[in-house]
Amino acid sequence: MRRMIFVATMFLSFAFLTATSAQAQSTEASASITPAASGHGRGIGVGAVTMLNGTSGALFTWGSSGGGFHVDGLFGLHHYTPNGNTTTSFSVGGRFWYHLHAASFADFSVGGGLGFVHWDTNPGNNNNDSRLDLSLEVGCQMRAFIVPNVALIADLGLGATFGNNDDIMIGGQSVTASGSPAGGNNFVAGTLGIAYFFE
């Protein structure tokens, strides 16, 4: 009889400890994964980013204090001389991202944005050639925080450029015909963005 009481006591103790451990793990998991944003990526940040169509530049980003969304601003200025033709490009854009899900060191957002690129080739000469490209994108963004205030950024979705060289692509960030005033073949470069947050 004593042996049965001892075995029953051991069984109940084991069951209680197992249930307590499972509940603690469940509580810990729910605390580290939420449907809103993680505690990172809030406030003002700076960095560099490439849009889906290949438009790149300096990144100015701001994340809401509640962690529900963030907005990006893009500014780029490039001056180079391909084939002896001096070319200057000026790009500006903005994007909005709504956070669907976040873990301790990453978040996943949906959104999109709009960008403009102005090209000027041989400015000041009679054969001056200028054009304006309009870039649209809609899709998803993933941010992985390698430390609490530095994030790697990757976008995927649908990108379209309207101008002298129209271009539509589905995938991740790339360098396309819109990245050159003379046009060219599309190819994926696998570019990523990066941002530093002043938290």
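Here are some notes:
- The amide H of residue 69, built 1.01 Å from its N in the peptide plane, has 64, 99 as neighbours under 5 Å, considering only residues 5 or more places off or on other chains.
- Burial ordering of 105, 145, fewest other beta-carbon atoms within 10 Å first: 105, 145
- Summarising the amide proton neighbourhood of residue 57: residues at separation of 5 or more, or on other chains, whose placed amide H is nearer than 5 Å comprise 49.
- Label separation (residue 147 vs residue 85): 4.4 nm, computed from points 7 Å beyond Cα along the C-beta direction.
- Here the Karplus relation 6.51 cos²θ - 1.76 cosθ + 1.60, evaluated at θ = phi - 60°, turns the backbone of the stretch 86-102 into coupling constants of 6, 10, 10, 10, 10, 10, 8, x, x, 9, 10, 10, 9, 7, 8, 7, 8 Hz, with x for every Gly and Pro.
Since every read-out is calculated from the coordinates, none of them should be taken as a lab result. Predicted model only: the values in this text are computed from it and were never measured. Positions of Cβ are backbone-derived with ideal geometry, glycine not excepted, and every protein chain shown enters the neighbour counts.
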